[in-house]
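Report on one structure; see the data block that follows.
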Amino acid sequence: MEPVLREKDFETLSIRFSGFGGQGIVLAGVIYGEAAVADGLNAVQTQAYGSASRGGASKCDLIISREKIYELESPQVDVLISMSQDAYETYVGHLKKGGVLIVDQDLVQANPEEVEIHKISASDIAFKKFGQKIIGNMVIVGYLAALLGIVSKESLQKSIQRHLPQKVVEDNFRALEVGYNLGLERSKNREN
Amino acid sequence: MDREQYNQVIKAIGKRDLFAQGDEAYAYGALLAGCRFFAGYPITPATETAEVMSLLLPRVGGTHIQMEDEIASMGAVIGASLAGVKSMTVTSGPGFSLMQENIGYACMVEAPCVVVDVQRSGPSTGQPTEPSQGDIMQARWGSHGDYEIIALSPNSVQESLNLTIECFNHSERYRNPVLLMTDGEVGHMREGITIPDYGEYEVHEREKPRKPAGEYVPFLPEEGKVPRIADFGCGYHTYLTGLTHKPSGLPATDDAAVHTRLVTRLARKSPKILTSSPELKNSTWTTLRPPSSVTGSPLEQLRMRLRSCVPKVGKSAIFD
Amino acid sequence: MKRNDRIRREYLSRFANRSYFMQGDESVAYGSLYAGCDFFAGYPITPASEVAEVMSAELPRVDGYYIQMEDELASLSAVIGAVWAGAKAMTATSGPGFSLMQENIGYAVMTETPCVIVNVQRSGPSTGQATKPAQGDIMQARWGTHGDHEIIALAPNSVQECFDLAIEAFNLSEEYRTPVIILMDGEVGHMREKITMPPVDKVKIRERKLTTGDELLFGGELIPPMAEFGIGRFIHVTGSTHKESGIRDVESQQAHHTLVTRLCKKIADNRDRIIRFEESCLEDADFAVVSYGATARPAAGAVLRARSEDKKVGMLRLITIWPFPESKVRELGARVRKIFVPEMNLGQLSREVERFVGCEVVSIPKIGGIAHTIDEIYSALKGEV
Amino acid sequence: MRTEIRIAGFGGQGVVLAGLLLGEAAIRDGKQAVQTQSYGPESRGGAARSEVLISDEKIDYPKVIEADVLVALSQEAFDKFRPFVKENGAVIIDRDLVKVKEDRLRSVPFTKMADTLGKKVVANSVMLGYLVASTRVISAESMQAVIREKVPKHTIDLNLQAFDKGIEFWRQER
């Protein structure tokens, strides 16, 4: 198992989750950020959303660092996750050259240059396996965890337990697992 | 304001030479400026203005309404103004505090209106019948967020009348609420005053949109920085909101550029406003300058007063 | 209404020494619980609603009371009433609600009611950009209510500091018998980061000085003791000018002068004990950044970057905004060539800085609901130093 | 020439109205006048005072510095304002409401005289008659015209009678 970005490689990493209200974009960032903190890293999470809680544009920024964090919102991000075409188009310009782009391939048409692109069917998998598109966010979180290798799966699980009602925790664990395995596979392929 | 309307006002007041209180003069000034709507809630020492308005407005075809509180009063004034009627309210400290949210709303929807604060001794209910000048900074900073305000301050009953007219002119010209920051001393003081003759004073009438209904954009200035108002009911489409809005008036709260453009235009739309009174016009200096640059006898310097609070713009990246 | 301290301590002990990934809004709520807050009245508004959410969930568990009122006027009234009945009370709001509270803030000042008002600032004026952060109510916090008064206002710049300053705010309010404003911004309020909660016994709590006999309740000393409703003493509480006994006396210039100057003095004379700030890299600085709240973070980043390029830039971060740290800023202005003030408004506190310094003050304003980046502040500095 | 008049008493005596009428009459006489007042939140019973400045020139400072005329209609008002009267100034009191040992005062039974007309509330008009006649700052004609204009219609005659009574008292006193 060789993640793309190994722990030793980074000092500060900025991740932007984006999509529309109702996809659990902010929750994904919160769960990932909380896991990072549990694993002894510094993390600052901010968000921006419109007045509409569903359907409007939604964005969640996460900065993870070994150092004290001064920036509140990164002008340029290392990792961009887009779960809507709108979000992708708005933020792709903020992705660093050589950065990582993860999109929900059923929702986003994307062929940007000079970035590493990952296309997964997060919402579709979630719908087919668990009957709920919204769990797609956990597929993404699992995928990201495997890809970056900077937070542990255990911390993510604890974080999920803390933030979600008991009755949906199991499904979210499974979605996390599905995403994680996809990410591992992809990492292996990339190494080869 | 034509001669007939002027005559109507004089007839309602009764005569042109009066021994009147400042509070009464605000009402007379408002009527002479074309104010035809008043909403308010009684409070010492501002009640007399409402009394005069309630008596005289019906005689000149206007409307006086006593509201349930000062929040509603300011709300009614904004509504009436945007329906095309020059409007005002009068209050004192506690009521002025209650009006703060709607003053910000009036700035945001650019509703011309006049708010008279007859300052009494605070904080809180303090000394209801005693005068003070304790709300001066509140006039500038009482509502939340970045905004600019125009505030004038009279020192005699005659000037109370004159400056009220000027408040209305500024409010219509710059499409902004204008404050008359007077105090219980001037408000309750009686002096001999003369109501200016028709043509002796300026009345700025609201400028109607030049563009036809289909092409009108409510918050896009046709020239300069001040958009023209299509009054409610005149057949134009308009949209008003205290939320950040595009020139069309529709909310756009997610766009930083829209907000920055709107709020900086609002902050910069009125130029530095300096008011000089007739007494100063006849002397050696006609505009107000900082005291250090004023020449003249010490007495003249003492008599020189600041009549308007000048919007100050610091050095900054936005105000380049 | 008697605080049940045992229940509170027992409940809060579960958080001791544990770390959480939490929002500023949530953190300020927990800080308040640690400070002994047992009454919350409020009306929901973005971006302050989370404070109420936490309080509504947690207050019943510490034998406290939560009430959602019909509006912000009523909210602050309820808070003031609860305090006089013996509670430690707070409310939380944002710009539009803060405007509506202005009259009652003056009432709290005049009646010397200790309470805490959280204002999580959003982009105004009016309803503005409802979900976006700003720092546009800085001057309103000082001047929003009518009449002469002093106010205490604190501005946290991290989630941990939201917690710490909530405790500080309650302590200051009790010590000086005055409303205290926590001037947060939507950025800090909605930001999540790590916070570690202390053991409840490690937190120093200041309790109000209560009357033990028949002392004057509104004078006699700079900060008179309070009585509480229901203890058997006749007390008169009024927003109108009153004698030292509390009885209304609205015609005497002397009574008003005595009262209002004391109300101002009790804060002004204790500036040095109230004011907190943080200095960094200022010893040899030729240029200084003065900042507060969320903006102080990219500002610190910009200062560090400038330092790494051997530019002599330092930073003064204001934790107490009001009373304004006049003497500190004056002293700073006397030894640097320029002061930069980045803030999320059109340049409000930069005017206040200007009042006390002779050197040039450069405002770095930003509005529109997006925080400054390190780059932006750094480029503003770079052009000038 | 600037004349400073202070009328002080308690709410309900028509102190503020008397000042207003004085100022109005001065304007009618072609002079400049400023009238200010001070009263508590209670409209009856609390301390009330009214100050009138009359001058041929523009009036800058709108308040009494040292009174040329003090009218004291209550003991409290007398005690409070007696020290602030010019050396040759006139002090006029209602003899039944103010107890003093000073002899150079003009002591008049305003309220009692008004009572003989059937209405104590017109004591202020009696006082105005006495004030106008004794100080001659303004003309009796202007004062009468202003009374006709400003008081409620059905009380005009009563107030004018009271006013005349005040003038009459001064004439007899001389």
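The values are calculated or read from the model by the stated rules, or taken from the named source; none is laboratory data. This structure is a prediction, so every number in the text was calculated from the model and none was measured. Note that we place each Cβ from the backbone using ideal geometry, even for glycine, and neighbour counts take in every protein chain shown.
Tabulated values for the structure
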| read-out | value |
| --- | --- |
| For C:Val250: the one exception among (1) within 13 Å of another protein chain (Cβ to nearest Cβ); (2) touching a residue at least 12 places away in the same chain (Cβ under 8 Å); (3) touching a strand residue (DSSP E or B) at 6+ places or on another chain (Cβ under 7 Å) | (2) |
| Strands (runs of 3 or more DSSP E) contained entirely in segment B:1-108, each with at least 1 residues that are within 26 Å of B:Arg173 (Cα to Cα) and in contact with a Gly (Cβ under 7 Å, 6 or more places away or on another chain) | B:37-40, B:87-91 |
| Meets criteria (surrounded by 24 or more Cβ atoms within 10 Å (Cβ to Cβ) and away from every other protein chain (no Cβ under 14 Å)) for B:Val90 | yes |
| Cβ-Cβ under 8 Å pairs, at least 6 apart or on other chains, segment D:52-64 side closer than 19 Å to D:Leu21 by Cβ, far side aliphatic (A, V, I, L, M) and exposed (fewer than 11 other Cβ atoms within 10 Å of the Cβ) | D:Ser55/D:Met1 |
| Checklist (1) in contact with an Asp or Glu (Cβ under 9 Å, 6 or more places away or on another chain); (2) among the acidic types (Asp, Glu); (3) within 11 Å of chain B (Cβ to nearest Cβ) applied to D:Glu66, failing item | (3) |
| Matching residues, segment C:1-25, being within 13 Å of chain A (Cβ to nearest Cβ) and surrounded by fewer than 23 Cβ atoms within 10 Å (Cβ to Cβ) | C:Arg18, C:Ser19, C:Tyr20 |
| Conditions (1) in contact with a strand residue (DSSP E or B) (Cβ under 8 Å, 6 or more places away or on another chain); (2) crowded, with 24+ Cβ neighbours inside 10 Å; (3) within 17 Å of B:Glu24 (Cα to Cα): number failed by B:Glu159 | (1) |
| Segment C:228-244, subset in a loop (DSSP other than H, G, I, E, B) and modelled with pLDDT of 95 or more, residue farthest from the other protein chains (Cβ to nearest Cβ) | C:Glu244 |
| Among residues of segment B:257-266, those that are buried (at least 19 other Cβ atoms within 10 Å of the Cβ), out of contact with any Cys (no Cβ under 8 Å at 6 or more places or on another chain) and either at pLDDT below 95 or not β-branched (Val, Ile, Thr) (or both), counted | 2 |
| When residues of segment B:145-159 are limited to those that are within 17 Å of the chain's Cα centre (by Cα) and within 14 Å of chain C (Cβ to nearest Cβ), the one nearest to D:Pro62 (Cα to Cα) | B:Ala151 |
| Residues within segment D:18-60 that are within 25 Å of B:Asn155 (Cβ to Cβ) and touching a strand residue (DSSP E or B) at 6+ places or on another chain (Cβ under 8 Å), tallied | 28 |
| Residue in segment C:94-116 that is among the β-branched types (Val, Ile, Thr), at the interface with chain B (Cβ under 7 Å from one of its Cβ atoms) and crowded, with 24+ Cβ neighbours inside 10 Å present | yes |
| Residues of segment C:1-46 satisfying the condition of being without any contact (Cβ under 8 Å) to a residue 60 or more places away in the chain and part of a strand (DSSP E or B) | C:Phe39, C:Phe40, C:Ala41, C:Gly42 |
| Residue match in segment B:121-139 (condition: over 18 Å from B:Asp23 (Cα atoms), buried (at least 24 other Cβ atoms within 10 Å of the Cβ) and more than 7 Å from chain C (Cβ to nearest Cβ)) | no |
| Scope segment B:61-112; condition among the polar types (S, T, N, Q) and under 26 Å from C:Val109 (Cβ atoms); matching residues | B:Ser73, B:Thr89, B:Thr91, B:Ser92, B:Ser97, B:Gln100, B:Asn102 |
| Scan of segment C:26-37 for residues that are away from chain A (no Cβ under 14 Å) and farther than 30 Å from C:Phe229 by Cα, ordered by number | none |
| Segment A:38-90, subset farther than 26 Å from A:Val108 by Cβ and among the basic types (Lys, Arg), residue farthest from the other protein chains (Cβ to nearest Cβ) | A:Arg66 |
| Identity of the residue in segment C:134-146, touching a helix residue (DSSP H, G or I) at 6+ places or on another chain (Cβ under 6 Å) and not in a helix (DSSP H, G or I), that ends up farthest from the other protein chains (Cβ to nearest Cβ) | C:Gln135 |
| Selected residue [surrounded by fewer than 24 Cβ atoms within 10 Å (Cβ to Cβ), in contact with a Ser or Thr (Cβ under 6 Å, 6 or more places away or on another chain) and either modelled with pLDDT under 95 or within 25 Å of C:Pro96 (Cβ to Cβ) (or both)] from C:Thr145, C:Thr131 | C:Thr131 |
| Any hit, segment D:34-51, residues being touching a residue at least 40 places away in the same chain (Cβ under 8 Å), touching an Asp or Glu at 6+ places or on another chain (Cβ under 7 Å) and either among the β-branched types (Val, Ile, Thr) or in a strand (DSSP E or B) (or both) | no |
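Conditions tested, residue by residue: (1) under 28 Å from D:Ile27 (Cβ atoms); (2) within 13 Å of another protein chain (Cβ to nearest Cβ).
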residue: B:Leu161; (1), (2): yes, no
residue: B:Glu166; (1), (2): yes, no
residue: B:Thr182; (1), (2): yes, no
residue: B:Glu185; (1), (2): yes, yes
residue: B:Pro196; (1), (2): yes, no
residue: B:His204; (1), (2): no, no
